[in-house]
1. Please report, to one decimal in angstroms, the Kirkwood hydrodynamic radius of the chain built from all distinct Cα-Cα pairs.
2. Quick one: net charge of F41's neighbours, Cβ under 13 Å, K/R +1, D/E -1?
3. How do D78, D45, D69 line up, fewest other C-beta atoms within 10 Å first?
4. I'd like the FRET efficiency for A80 and W42, computed as 1/(1 + (r/R0)^6) with the beta carbon distance as r and R0 of 30 Å, rounded to 0.05.
5. Each label point is 7 Å from the Cα along the Cα-to-Cβ direction; what then is the distance between the points at L64 and R9, in nm?
6. Neighbour counts of other C-beta atoms within 10 Å: give me R9, R52, R67 arranged from fewest to most.
7. Mind jotting down a quarter of the surface of the convex hull over the alpha carbons of the stretch 39-83, in square nanometres, one decimal?
8. Kindly write out, for the stretch 72-85 in residue order, the coupling ³J(HN,Hα) from the Karplus curve 6.51 cos²θ - 1.76 cosθ + 1.60 (θ = phi - 60°), rounded to whole Hz, with x marking Gly and Pro.
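Throughout, read-outs are computed from the coordinates displayed, never taken from laboratory work. Fair warning: this is a prediction, and the values are worked out from it, not measured in the lab. FYI the Cβ positions are ideal-geometry reconstructions off the backbone, even for glycines, and counts take in every protein chain you see.
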Amino acid sequence: IGTVEAVQRELNHDGLLVRYQTEHGVDGLPGTEGAFLACAFWPADALHGIGRTAEAVTLFERLLSLRNDVGLLSEEYDAATGRQL
């Protein structure tokens, strides 16, 4: 449960997950990157596994709502613009 909460606390960006906090300069590159959609399904599964089913369903449904017109998801998503990257 602590891991789920830590990941959500540290890597949550607009309700989605980022790989790391880019403002800490971990990769040495300027700028930011989008949330990684494939990674965002992990907390939905983990939330369900620890009994927080309502949160899991809400997150899962949000992720599905981000699909494009043919039902696909990109690797990254920019929550600020609503665009798949």
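1. Working: mean 1/r = 0.0740 Å⁻¹.
Computed over Cα pairs of the chain, the Kirkwood hydrodynamic radius comes out at 13.5 Å.
2. In short, -1.
3. The fewest-first ordering by Cβ neighbours comes to D69, D45, D78.
4. Working: r = 22 Å, r/R0 = 0.74.
Calculated value: 0.85.
5. Rounded to a tenth, the inter-label distance reads 3.1 nm.
6. Fewest-to-most Cβ neighbours within 10 Å comes out as R9, R67, R52.
7. 3.3 nm²
8. 9, 10, 7, 5, 10, 9, 9, 5, 5, 9, x, 10, 7, 10
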